[in-house]
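Enquirer: Below: one structure in structure tokens.
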Amino acid sequence: MEILKQYRPPELHKEEQTELISVIVAAYNIEAYIERGVRSVCEQTYRNLEIIVVDDGSVDATGTILDKLAESDARIQVIHEENGGLSHARNTGIARARGNYIGFVDGDDWIDPDMYEKLFSALQDKQADLAVCRYRQISRSRTLDESVDRAVLFEGQEALRAYVEEREEFAIQNAAWNKLYRKELLSENLFPEGRWYEDIVFATEALARARRCIYLDIALYNYIIDREDSIMNCRINSRTFTDQIPAYYEKTKLLQNLGREDLALTHDYFFYKRLLLFYWELSRTEDGGGYLLRLTEILERDRKRAEEAFQSPMAAPGDRKKLKLFYRSPDAYCRKLRWDEQVVIPCKVRVKRLLGKYK
């Protein structure tokens, strides 16, 4: 891993923009957002684009808006399909794509004008297979941008490790949309259809295939985090058990098949830690009883693996104690987290403020 401070991808003049980039936009019932999202792709400083917009069976004005946009820009191809879900829409776009490089944009988000120029230029400059950028988190009340003026060049499976370790300083994550891929990375790597949380397996496979990855620690993608009907804003529900948890198991198997049991254990540490947090969140609701039982069954069934994973070097000592406490008594585990939330954490905050005041 090489840190490139104040790295600037070379500017690409029009005559250097010979490679075709296929940008795939999935859209479903987002009439209030779709024009902004597609126009942000049309306005890219990298001009050699094909823009494939898949209308996934929208029943509002989304399809009509897309057809009008296509009339104004010949690079836009609109595909109207029956509703098949986000994965199916993206796979349809991949099948249609002619470019050697592929990017994804969710239709309710938007991108900065130079996103694809910078990602492609960095990818070419560093001879990488995958380019990744940071993103802004947009809500009704604020915009969060944690950009740092640098880039990071990952060799081999270093980017995969950073992703599995969920390192916050690198916003690699599951998302398909803050990345530019060489098409070869996706040749056998399609999104699993009929499921939510489709990015989990997709991202793992793409990062495992990439021989080199360039990460730009600047926000070029604008991600809306509080749209009410967004998949990402759904609380723990049946899909957590039918789609999300199975995707995490599949991710474990992928890592093991790569011969990376170390990364599989690290992933499982974060996975079971997430299940413990799910349990805590549900314990505070009135309607979470059935899901609490299902979480308990999973954690009891996987106890040996969970205890092994919590011995990973990544595991915090406090988390190991919480896991032991949960297996001793889920009620005691919840009381401990309630005590931490109501007493311990506020005390730490007050002490930190006092120390800062007298510095």
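Enquirer: Among 88, 267, which comes first, then next, by fewest other beta-carbon atoms within 10 Å?
Expert: 88, 267
Enquirer: So how do 214-222, 183-191 stack up, highest first, on mean other-Cβ count within 10 Å?
Expert: Result, highest mean Cβ count within 10 Å first: 214-222, 183-191.
Enquirer: Here is a follow-up. Quick one: Karplus J couplings for the stretch 54-62, per residue in order, coefficients 6.51, -1.76, 1.60, θ = phi - 60°, nearest Hz, x for Gly and Pro?
Expert: Values, residue by residue: 9, 7, 8, x, 4, 10, 9, 8, 3 Hz.
Enquirer: Oh, and also: Using Cα atoms only, what is the angle between the long axis of helix 317-328 and the major principal axis of the chain, expressed in degrees (0 to 90) to the nearest 10?
Expert: Helix 317-328 and the main axis of the chain meet at about 60 degrees.
Enquirer: Right, next: For the stretch 257-335 and the stretch 55-125, what is the centre-to-centre distance using only Cα atoms, to the nearest Å?
Expert: 38 Å
Enquirer: Would you work out the charge dipole size for the stretch 236-349 about its Cα centre, treating the Cβ of every Lys and Arg as +1 and the Cβ of every Asp and Glu as -1, and quote it to the nearest 20 debye?
Expert: The calculation lands at about 300 debye.
Enquirer: With 10 angstrom as the radius, rank 166, 205 by how many other C-beta atoms surround their C-beta, starting from the fewest.
Expert: If I rank by nearby Cβ atoms, fewest first, I get 166, 205.
Enquirer: In debye to the nearest 20, how big a dipole does the stretch 130-192 give about its Cα centre with +1 on each Lys and Arg Cβ and -1 on each Asp and Glu Cβ?
Expert: Here the size comes out at about 360 debye.
Enquirer: Go through [x] 19.2, 60; [y] 21.9, 67; [z] 24.8, 77 and flag the label whose value is the computed Rg and Dmax of the Cα atoms in Å for this structure.
Expert: Looking at Rg and Dmax of the Cα atoms in Å for this model, the match is [y].
Enquirer: Which of the pairs 118/253; 253/336; 304/348; 118/251; 253/322; 273/304 have their Cα atoms more than 23 Å apart in this structure?
Expert: Exceeds cut-off: 118/253; 253/336; 304/348; 118/251; 253/322.
Enquirer: Now for a different question. Could you give the angle, 0 to 90 degrees to the nearest 10, between helix 245-257's Cα long axis and the longest principal axis of the Cα atoms of the chain?
Expert: Helix 245-257 sits roughly 80 degrees off the main axis of the chain.
Enquirer: What order do you get for 238, 40, 147, 141 when you list them from fewest to most C-beta neighbours inside 10 Å?
Expert: The order, fewest Cβ neighbours first, is 141, 238, 147, 40.
Enquirer: May I ask you to order 299-306, 284-291 by the average number of other C-beta atoms within 10 Å around their residues, highest value first?
Expert: 299-306, 284-291
Enquirer: Please report the spacing between the Cα centers of the stretch 170-222 and the stretch 5-30 in Å, no decimals.
Expert: So the separation of the two Cα centres works out to 15 Å.
Rule-based calculations on the coordinates, nothing more; no lab input. Since the structure is predicted, the reported quantities are computational estimates derived from the model, not experimental observations. When we count neighbours, we look across all protein chains shown, and the Cβ atoms used for this are built from the backbone with ideal geometry, even at glycine.
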